[in-house]
1. Evaluate the range B:224-246: report whether one residue or more is farther than 29 Å from residue B:112 by Cα and over 18 Å from the mean Cα position of the chain (by Cα).
2. Just to be sure before I move on: is residue B:145 modelled with pLDDT under 95 and either under 27 Å from the mean Cα position of the chain (by Cα) or within 20 Å of residue B:260 (Cα to Cα) (or both) in the structure I sent?
3. In this structure, does residue A:64 turn out to be surrounded by 22 or more Cβ atoms within 10 Å (Cβ to Cβ), on the phi < 0 side of the Ramachandran plot, more than 14 Å from chain B (Cβ to nearest Cβ) and not in a strand (DSSP E or B)?
4. Got a sec? Which of B:143, B:135 is within 13 Å of chain A (Cβ to nearest Cβ), touching a helix residue (DSSP H, G or I) at 6+ places or on another chain (Cβ under 6 Å) and surrounded by 18 or more Cβ atoms within 10 Å (Cβ to Cβ)?
5. Counting residues that are within 24 Å of residue B:266 (Cβ to Cβ) and in contact (Cβ under 8 Å) with a residue 40 or more places away in the chain, which helices (runs of 4 or more DSSP H) fully inside the range B:119-199 reach at least 1?
6. Quick one: count up the residues across the range A:149-165 that are outside any helix (DSSP H, G or I) and surrounded by 14 or more Cβ atoms within 10 Å (Cβ to Cβ).
7. Taking the conditions exactly as written (buried (at least 24 other Cβ atoms within 10 Å of the Cβ), of a type in the set (S, T, N, Q) and assigned to a helix (DSSP H, G or I)), does residue B:92 satisfy them or not?
8. Are any of the residues in the range A:120-127 at pLDDT 90 or above and either among the polar types (S, T, N, Q) or in the same structural domain as residue A:24 (by TED's automatic domain parsing) (or both)?
Amino acid sequence: MKNEKETSLDPISEEKFTSEVLIEIKNLKKSFGRLEVLKDISLKLHNGENLVVLGKSGSGKSVLIKCIVRLLNPDGGTINLLGENVSSIKGAALSKLRMKIGFLFQSGALYDSMTVKQNLEFPLVRIKRELKEEEINNKIKEVLENVGLADVLEKMPSELSGGMRKRISLARSIILDPVIMLYDEPTTGLDPVTSDEISELINTVQKKYKTSSIIITHDIACVRITADRIIMMHEGYIYAEGTLDEFEASDDPLIMSFFK
Amino acid sequence: MKKLKILNLKKAQSLATARSIKLSDDALEQKDRASGFFQEVGDMILFIKQIVKETFSRNFEFKEFLRQCYEIGNKSLPLIVITGTIMGLVLTIQSRPAMAKFGAVTMLPGMVAVSLIREIGPIITALICAGKIGSGMGAELGSMKVTEQIDAMEVSATNPIRYLVVTRVLAATLMLPILVLFADAFGFLGSWIGVNIKGDVSLVLYIFQAFGSITFLDFFPALIKTFLFGAVIGIVGCYKGFTAGRGTESVGKAANAAVVLSSLLIIIVDMIAVQITDMWL
């Protein structure tokens, strides 16, 4: 039992991934004013796994991954990311750590004053300064092919559909060859077919780039496609943890409300 | 003495608790409101500190800086030219009757030149730019904040202060004096047109009379304060955009607050600059 609210599911299966822990969060707390969003969160992300964090809107899922990359500062607890305590580093060390993380934002967060090409080369030209123009172009071509898009280089984000924007945003996230991918509601606002395509793409990216991922979602179709392990958050605590089969077999009313 | 009868102790207790909770909430709200101003001042000082630090850091975003100079300078020029011309024209027409009373119409170019160079040119240009550039920065950065573009920049290990803020603040600081020079020049042109409505003065004679009244001490302090006006517009516009809240409503609020605060600060900076000039020169 992680805490008093956690339900008892069987121990997790770790066959598909190694025991190496890339992210370890212990007793994470975060409040906004008098509103406690994260009350006591502890979790681990293993090398090679897709960890889905499931929960209702407002349960603190997005706050959790924003704390991991220090977009938000936690009020308590520790976050160990690739062997570094995130709370204790800043400046260049934090930037160096962030280079190893890909973050897909819920809105896509494409720079709307730049073309697709400028969006993709933005992190590359600033971080991998040693790259020549040809190498940059090849990398852009590679990531675009991997997300299943081509011939959109000169388009502005406003000219793209929701699914295309998500793909471009994903391409930008993987362009620096991250070790860990954090997905913040990757299928929100998309139709079911495009949602499934994006979910499949998450698996493709995991295989091609050998990433480990935390996927924040409340889309059960996405969970079914991507999850190696699931954590359910509720009212700032971890409510349940287990595999997809264990969650689907659960008779807990809250879990059933998601999986029925 | 008659003993008080407590009818319902539990009810009284719960009412007292509810009242004390409400009172403590009200007290906290008032405290938050009072500390809000000082917190904003503190946040802005920290923001300026970050700007200064990133200005002198490696990997200056020169290309983006040039783009911002173009956006701020070139795109504000038509507005400044039109306003400058009208300012000079109106100032001349309005001053002429008063000058005529003293038989000093020939001093009109000199008086208009001193007014334009020392005060009207810089302050009007700065206020127009606070409206155009400051609101643009507040809205653009506010919208980037709301749509998580600034967060995206940060997690991709690119410093958003260096890319978005330093370039805009420096461009505003450098472009505003240039815009003021244009406003002054076209103000002279407007004034020459104004003088010629009821008189006949050649452009060469007008310029000779105007510049004959201006000294270096009229021009130099005015130029220095325009750099400060530019910096104020850039810093306030970027700060308000950067600290915008959530939702599209906050974009409008950020743009509005950028204009209001930068206009107010421009007038305060102008007052201080005039006092200093008056003391030392």
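The values are calculated or read from the model by the stated rules, or taken from the named source; none is laboratory data. None of these values were measured; they are calculated from a predicted model. Positions of Cβ are backbone-derived with ideal geometry, glycine not excepted, and every protein chain shown enters the neighbour counts.
1. Quick first cut of the range B:224-246, residues farther than 29 Å from residue B:112 by Cα only: B:234-246.
When the remaining residues are screened for being over 18 Å from the mean Cα position of the chain (by Cα), the result is B:245-246.
Yes, because at least one residue in the range B:224-246 is farther than 29 Å from residue B:112 by Cα and over 18 Å from the mean Cα position of the chain (by Cα).
2. Details: modelled with pLDDT under 95: yes; either under 27 Å from the mean Cα position of the chain (by Cα) or within 20 Å of residue B:260 (Cα to Cα) (or both): yes.
Spelling it out, residue B:145 is indeed modelled with pLDDT under 95 and either under 27 Å from the mean Cα position of the chain (by Cα) or within 20 Å of residue B:260 (Cα to Cα) (or both).
3. Values: surrounded by 22 or more Cβ atoms within 10 Å (Cβ to Cβ): yes; on the phi < 0 side of the Ramachandran plot: yes; more than 14 Å from chain B (Cβ to nearest Cβ): yes; not in a strand (DSSP E or B): yes.
So residue A:64 fits the description; yes.
4. Values: B:135 fails: within 13 Å of chain A (Cβ to nearest Cβ).
Exactly one of B:143, B:135 is within 13 Å of chain A (Cβ to nearest Cβ), touching a helix residue (DSSP H, G or I) at 6+ places or on another chain (Cβ under 6 Å) and surrounded by 18 or more Cβ atoms within 10 Å (Cβ to Cβ), namely B:143.
5. Numbers: elements: B:121-129, B:135-146, B:149-155, B:167-197.
Result: B:121-129, B:135-146, B:167-197.
6. At the first step, the residues of the range A:149-165 found to be outside any helix (DSSP H, G or I) are A:149-156, A:160-161.
Filter once more, keeping what is surrounded by 14 or more Cβ atoms within 10 Å (Cβ to Cβ): A:149, A:152-153, A:155-156, A:160.
Number satisfying all stated conditions: 6.
7. Values: buried (at least 24 other Cβ atoms within 10 Å of the Cβ): yes; of a type in the set (S, T, N, Q): yes; assigned to a helix (DSSP H, G or I): yes.
Yes; evaluated as a whole, the condition is true for this residue.
8. No, the range A:120-127 has no match at all.
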